[in-house]
Amino acid sequence: MTSGRLQQEAVLRVGEVTEVTGRKISVTVDKDKNLSELFFDGELIRNVAVGSYIDIRKGFVSLIGKVDGEYARPDSPYPVEATRVPNSKRSLSISLVGYVDRSGTFFGGTKELPLVGNEAYLLTSEKVHQIHNLVSEDAIPLNVAVSDYEGFEISLPVDGLMNSHIAIFGNTGSGKSNTVALLYQSFIEAMRNRNQVLFDQRVRILFFDFNGEYSRENCLTTDKIVYNLSTRHDRGDKVPLSEAGFLDFETLAILSDATEKTQRPFIRRALGLANRVGQGEEGRNHLRNMLRMQITQILQMADKERAFLLIDYMRQILPEREEDGVDVPLERDLEWHNTTAQFIGAGDYLTSNPNAIPNTEIYQRVEVYEFSNDIIADFISTCYVQLIWDVLNNRAQNDHIAPAINKLKSKQADIRKVFDPENTGDVFGRNVVVINLHDVNIEMKKALPLLISKRIYQEQKDRADMDTALSIVIDEAHNILSYESSREAESWKDYRLETFEEIIKEGRKFGVFITVSSQRPSDISQTITSQAHNYFIHRLINNRDLQSIATAVSYIDKITEDSIPTLPTGTCIFSGMAGQMPMKLAMRPLPNMQQPKSTTRKLSDIVPSAQADIIDQSI
């Protein structure tokens, strides 16, 4: 062994193993190694401390441990006088995190344990790089961070990270949005540099942006499509629907919040009726004949309550008519005869004299029925026609079906503002799409991501035999993945969560990967939180959030977990399948023009000093 090597090992030696209890190791530090820094070859080396790594040599294998704590151990086993301060040695409590084999490759986990008497050393820069090197020679690196303790650059692998489910958590202002933007901007840039044509053809990325943070021109990439949606006015962008357009079962079921057992089968029947009726002159005449048949049956019913209920439905379908500026009611010439339990119309008993039915106001109103040339309004009319058939045939109850139609009616104005029902084009005009939901109301914020995600997930499943990938990024994911929402029915909330849970559990097989970002991980479904493969955990303070992280990410050690509430802005704990062990990373800040629109406003900028204002005016 050369004198240089001996000198290096003498400087880097920390102490030796004095106790081995499972993965917990005790190392007694040499007395001359209790300084905070050491000098070697003109360089300042940080000495071992809590949170740092240590190299325990066992033959040709280097066992890598992390310092969990330190304590003073008496130098002598014999008791000393109470008036004297005993001599003591500094001891380190070590947890093994991995090992470096003979080839110099780092592996996470425990292969073997050290022996008492094995020597412990500070990590050389070479070994630090080996531990933090997550990218193999032929892999695509993303240079996004530096290690928080040693300050070495950290590259994350595209394969292992971007082809996985990612969870990014952190309180507001902790750097969470910068991490999301940095990861995907680096990913898009690296893949386009590799092969832009194939990347644009085979990889699709969809952002659901609840706060309008990623819609800036230079954020993520300049080559993207941004849908700036709004339910407050008609000037916003409109998302194209699927190939089937508005008359698609999943689209209608989601927009009407249809329940599984009763309302979804009704929507399917109404959709079948709409397809049979069709459009144009022939379709209009077909629907008119249906209405005449239904009115004939209604006016001969003996059940007064059901008869007037169905007339109310007819009022939703048939056009209004005025005389002298006053609306003419459908039942103007109808009267119910309680004794005989039938309608009287135009002076005739309609059950015994059905030939008088065509003379009634409601029947004649059918003659002027026209399609509205609005696909949403026409489908709602078709739903009422189908509901009338179902009630007449005792196939459905009003209380079960009517809420779905009413929901669709209440949303039709919002649907027209955010969707183009006639446009059946692809959402992905380019392979990177941002859907800005900042100006969209709560109901549509919940329906839109579900509708679009379910649609593109199915499209990706249909082409799963091709070499393609789909990434869905849900910013502020607690808005739609919360299991504690009180704004909707339990059945609908369960359907929404089950849909996203299916995507995150089964999507990997079809090349579908989800990234969720949230400041309240405890609000998100635990199934979704626990199914993530890689975690970026920024500062979290709330106890429920910390407990949620501790439950979902079981392989974060106690020291790392305890540091989460005190993480500085931009620093996070990275843990997951892309790395061998949890690491504390300082994420690289993006340039101002590429940052998401999430920075905290400074009051000093909003209200400048009076002196500065005078200087500005003079200039």
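Just so you know, all these numbers are worked out from the coordinates, no wet-lab data involved. Everything quoted here is computed from the prediction, not taken from an experiment. When we count neighbours, we look across all protein chains shown, and the Cβ atoms used for this are built from the backbone with ideal geometry, even at glycine.
Details
- FRET efficiency, 1/(1 + (r/R0)^6) with R0 60 Å, evaluated for Arg73 and Asn394 via beta carbons: 0.10
- Long-range amide H partners of Val512 with built H, under 5 Å: Leu470
- Computed from Cα positions, the angle between helix 375-392 and the longest principal axis of the chain comes to roughly 70 degrees.
- For Phe419, the residues whose amide H sits under 5 Å from its own are Val239, ignoring neighbours fewer than 5 places away on the same chain, with H placed 1.01 Å from N.
- Considering only trypsin sites (Lys or Arg not before Pro) in DSSP loops that have at most 10 other Cβ atoms within 10 Å, the longest stretch of the chain without any of them is 262-486.
- Extension gain (nm, one decimal) between Val326 and Ala139, 0.36 nm per residue minus Cα-Cα: 59.7 nm
- Karplus-based coupling profile of region 443-455, in residue order and whole Hz: 4, 6, 5, 7, 7, 4, x, 5, 4, 5, 5, 5, 5, with θ = phi - 60° in 6.51 cos²θ - 1.76 cosθ + 1.60 and x standing for Gly or Pro.
- Simple label model, 7 Å out from Cα along Cβ direction - Glu305 to Lys89, nm: 9.0
- Using the Cβ-Cβ distance between Ala341 and Tyr369 with R0 set to 22 Å, the FRET efficiency from 1/(1 + (r/R0)^6) comes to roughly 0.15.
- Divided by 2.2 N^0.38 Å, where N counts the residues, the Cα radius of gyration of the chain comes to 1.36.
- Label point 7 Å beyond Cα of Gln526 along Cβ direction - residues of region 538-560 with amide nitrogen under 11 Å: 548-549, 551-552
- Placing a pseudo-label 7 Å from each Cα along the Cα-to-Cβ vector at Asn441 and Gln279 gives an inter-label distance of 2.7 nm.
- Using a cut-off of 27 Å between Cα atoms, the listed pairs Lys127/Lys505; Lys31/Lys58; Lys33/Lys176 include Lys127/Lys505; Lys33/Lys176 as exceeding that distance.
- Per residue, the Cα convex hull of region 276-321 amounts to 89 Å³.
- Under Stokes-Einstein, with the Kirkwood radius over Cα pairs as Rh, the value for region 289-367 at 20 °C and 1.002 mPa s is 169 µm²/s.
- The value of relative contact order for region 249-419, using C-alpha pairs under 8 Å at least six residues apart, is 28 percent.
- Spread over its residues, the convex hull of the C-alpha atoms of region 249-419 is 127 Å³ per residue.
- Rel. contact order, % - alpha carbon contacts under 8 angstrom, at least six apart, the chain: 20
- Estimated at 0.36 nm per residue, the fully extended path between Asn592 and His129 surpasses their Cα-Cα distance by 163.7 nm.
- Applied to region 556-565, the Karplus parametrisation 6.51 cos²θ - 1.76 cosθ + 1.60 on θ = phi - 60° returns per-residue 3J(HN,Hα) values of 7, 6, 5, 5, 5, 4, 5, 7, 4, x Hz, with x for Gly and Pro.
- Under a 5 Å amide H cut-off, with hydrogens placed 1.01 Å from N, Gly15 pairs with Asp30, Ala120 among residues at least 5 apart or on other chains.
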